[in-house]
Amino acid sequence: MKYFLSEKERKASHSTCYHEFFKGRWDENAMVYWDSESLNIHDDLMIALGLDRLIQGIVEEYNPYGETEINACQWKRICAEAEKLGGSLFEAVSELSPWAEENFRQNSVFTILGI
């Protein structure tokens, strides 16, 4: 993958400046960060791509420092807007799409865990 890292790859980077895309609803009581099924994107890349601004424009509750749930309808809007904007932002969203679609087959949301 070009934009997102698996948990194994994130761990090898020795950095925690990542946004974790967690399958399903995150249980803050379990405190399970860096799940093996999660995908991660570095904070600098998220900002450079404008992915944070795109999400904020669609999901008003988006919190880059906390938890944000994304439902299937919101995800479709994110994908559509990314396609309109094109470029690397669209590439990144397209890279995440198979993971998101797999998630929605079993879960009503996925959760972005901010840095």
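The values are calculated or read from the model by the stated rules, or taken from the named source; none is laboratory data. Note that the structure is a prediction, hence the values are computed from the model and not measured. Glycine also receives a Cβ, built like all others from the backbone with ideal geometry; neighbour counts cover every protein chain displayed. Areas reflect the complete protein model, heavy atoms only, side chains present, ligands, DNA and RNA absent. Shrake-Rupley method; radii C 1.70, N 1.55, O 1.52, S 1.80 Å.
Structure above, values below:
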item	result
Per-residue HN-Hα couplings for the stretch 50-66 [Karplus 6.51, -1.76, 1.60; θ = phi - 60°; Hz; x = Gly/Pro]	x, 5, 4, 5, 4, 4, 4, x, 10, 10, 4, 7, 4, 10, x, 10, x
Partners for Lys23 among lysines (Cα-Cα distance below 22 Å; same-chain residues under 8 apart left out)	Lys2, Lys8, Lys11, Lys76
Accessible area per residue, Å², the chain with all protein chains present, probe 1.4 Å	56
Using a Förster distance of 30 Å, the FRET efficiency for Glu91-Asp27 (Cβ separation, nearest 0.05)	0.45
Loop-located chymotrypsin sites (Phe, Trp or Tyr not before Pro) in the stretch 1-78 whose Cβ has at most 11 other Cβ within 10 Å (DSSP)	Tyr65
The stretch 1-108: trypsin sites (Lys or Arg not before Pro) falling in loop per DSSP and having at most 13 other Cβ within 10 Å	Lys2, Arg25
Listed values (i) 14, 52, 31, 3; (ii) 12, 32, 37, 17, 1; (iii) 14, 36, 32, 16, 3, 0, entry calculated as P(r) over Cα pairs in 10 Å bins from 0, in percent	(i)
Computed [θ] at 222 nm, deg cm²/dmol, the chain (DSSP H ≥ 4; -39,500 (n - 2.57); rounded to nearest 500)	-15000 deg cm²/dmol
Largest-first principal axis extents of the Cα set of the stretch 60-115 (Å)	27, 26, 17
